Each structure stands twice: as structure tokens, then as C-alpha cells.
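Colleague: Submitted below is the structure of interest, expressed as C-alpha cells.
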Amino acid sequence: MVISPARNPKEPLEQYVPAPVMLPDGSVWVYVKGGTSIYAWRSTDGGKSFALANAGEPVLSPEQNLPWEGTATVEPAAVYEEEADTIHLYYKGASNLGALGSWGCGHATARGSDPTKFAKDPKNPLLTAETVSRAFDFAGVASDLVISDVIRKDGRLVFYGTFEYAETFHLFLGSGASYSEVRPESIILFNGLPKTVVQGPTVFRDPKTGMYWMVFASGSHKDQRILRTACSWDAMSWAVDPEPLLTPSPTERWEGGRVYCPAMLKTGPGHDQPVIIDGKVLLYYSGSPEGGVPAGVGLLLLGLLGGKV
């Protein structure tokens, strides 16, 4: 475990759903979900160990004067736009934690030179459960809406996210001409079993072959969650590898129940190039024991072998 909730006195149970970025000074920042807020952790050794930043205070919290996110700002995803020295942070907000359709997605920005001071986008929420439901012609309302990653392809931004509808989690694609615009476009259909969880897709491109790879979590609401991979030549249609990438550890209790919500450390103008350190790419992921808490962040070092993770 590289980020432990035990090291954050304000959040002893939840420091997970990692959102990593590397800044020009070589530091690696990982934003994580707390109970209802988002925290920042900083690494100066290439992303292998972290210290809690911002004096232990959240970098993003719910605001009562913003009703759509009045009770929670959680589950971050982050990209660094080097040309503008801007960190783009996407997050899940809720007006009522118990209401089915209360979740939406917001956007906040910070300068790379000041990575703990975020300003929320006045266009928030960029997505709501209602707009997603209308986009896909659902009779009811979607819930648990999350933006998990974004890349730039063919001059536009491609967003990857998930939502739950009719007791099934769906992975969706969206697009936008700017970081403040997300239009739902299609659903990726590779896991449609009832009560199935699909979480945290992270997408990157193999620098040698040009093939896109996705790492995501799958499982059930009650059972273990595992990490899987899928590949694609166009970043739109995906083929899933039947063999898991990572399963819960039989020896490490902190990740013995679930491994989920992966996030690759990436760089480049397309936000799709994995950072390679000592010949390895860095994949962060959430882990938790049976029961779900405490939940922290682990690190998996991977090689790129012939285009396969």
C-alpha cells in the first residue's frame, strides 16, 4: 500500500480511487476520495511513496451553495495539460447521497505550480444522471455516475466513465471540444450481467504498437472485484482479455477483498502515454479487505511487452 488511510487522521477509513498526475518538476500527485471530500498526496521519488499534502486538508469539498454537490465531492479523475500548466480534476458530486438520480459530474482546475488550489468550473455539473438517461433513452434514471479518464484523439477529448442503470453498471464513452464539455455518445458492451460492477476504466496507448489498452475493475456488488484489461485500435471498440490482470491478495489483508478503480500514471498532449520509470509503467489501484474498509491505494509496476500490459 502506497497511500494508507491510517496516515490521514481526518479520514481513517477512506483514501482511495486514485487520480495520478506527473508535473514538470518530476513530482507525482495522486488525488484520492475521502468520505465526502478529495485529498492530495505528493511523491518526490517517482511515484513510489507519498506524503499527505495541503496540511492534511481536503483540496475539494462539497459546498452548500452548490446544491448539485451539496453533500459529496468524491471519486476524482485527473489529467495534466502541460501546454496550459493546468490540472483538470473531474469528480462525482451528489445533492442527496440516498437519492437514486442525485449524482452528477463536475470539473475543477488548478495550476501545475499550485496543485492543491482548485477552482470549480462555473459550467458544473458537466453531466447529470438525467442527461445520461436521456442520451441513452432509458425509461428510468441512471445513478452512480462517474468520469474515470479522458484522452485526446483526432482533435477532440474522449471521456470514459461508468453509471448504474437497472442493477447493471455500464461503461460509456463521451466526447467534448473542451475540458468543460462532455456529451455522452455510446455504451461499451462487454459486461452486461445483472448486478455486475464495471469500475474505473483507465486508458493508455502503447508507444511502440499504437494499440490502446484499458484497465478496469469488474465483479459483483457482494463478491470480490478484480482488474481486467481490454485492447482496441480505435479507443472505441474493445476486446476483453479473459485472464485477469490482478486479483485480491491471499496474503495482504488490506487488498484481500477487492482490487478496483485503477488509474495509470500518464503524460503527453493526448493524455494517453504511460510514464515509464526504470522500464516500468505505474498503475495505481484501490484495495480493501472483506467488508470494504479501510480502503487505500496500491501500486502495480508493469512492463509493456509486445503491446500487452
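Colleague: Of (1) in contact with a strand residue (DSSP E or B) (Cβ under 9 Å, 6 or more places away or on another chain); (2) farther than 18 Å from E255 by Cα; (3) surrounded by fewer than 24 Cβ atoms within 10 Å (Cβ to Cβ), G26 satisfies all except one. Which?
Modeller: For G26, the exception is condition (1).
Colleague: Follow-up question, since we're still on this one. Do the conditions hold for P250, that is, is it out of contact with any Ser or Thr (no Cβ under 7 Å at 6 or more places or on another chain) and either assigned to a strand (DSSP E or B) or farther than 21 Å from D272 by Cα (or both)?
Modeller: For P250, the condition - out of contact with any Ser or Thr (no Cβ under 7 Å at 6 or more places or on another chain) and either assigned to a strand (DSSP E or B) or farther than 21 Å from D272 by Cα (or both) - is met.
Colleague: Surrounded by 15 or more Cβ atoms within 10 Å (Cβ to Cβ) and modelled with pLDDT of 95 or more: does that describe T71?
Modeller: Criteria not met by T71.
Colleague: Across segment 152-174, which residue is surrounded by the fewest Cβ atoms within 10 Å (Cβ to Cβ) among those that are within 16 Å of the chain's Cα centre (by Cα) and among the β-branched types (V, I, T)?
Modeller: Of everything passing the filter in segment 152-174, V158 is surrounded by the fewest Cβ atoms within 10 Å (Cβ to Cβ).
Colleague: Another question, if that's okay. Inspect segment 91-103 for any residue being touching a His at 6+ places or on another chain (Cβ under 9 Å), assigned to a strand (DSSP E or B) and at negative phi and give the result as yes or no.
Modeller: Among the residues of segment 91-103, at least one is touching a His at 6+ places or on another chain (Cβ under 9 Å), assigned to a strand (DSSP E or B) and at negative phi, which makes the answer yes.
Colleague: Restricting the search to segment 39-77, which residues are over 16 Å from R7 (Cβ atoms), in contact with a Pro (Cβ under 7 Å, 6 or more places away or on another chain) and without any contact (Cβ under 8 Å) to a residue 60 or more places away in the chain?
Modeller: The answer is E69, G70, T71, A72, T73.
Colleague: Given the criterion acidic (D, E) and either under 26 Å from A55 (Cβ atoms) or surrounded by fewer than 21 Cβ atoms within 10 Å (Cβ to Cβ) (or both), identify the matching residue among D149, D137.
Modeller: D137
The values are calculated or read from the model by the stated rules, or taken from the named source; none is laboratory data. Quick caveat: nothing in here was measured; it's all calculated off a predicted structure. Positions of Cβ are generated from backbone atoms using ideal geometry, with glycine treated the same way; all protein chains shown enter the neighbour counts.
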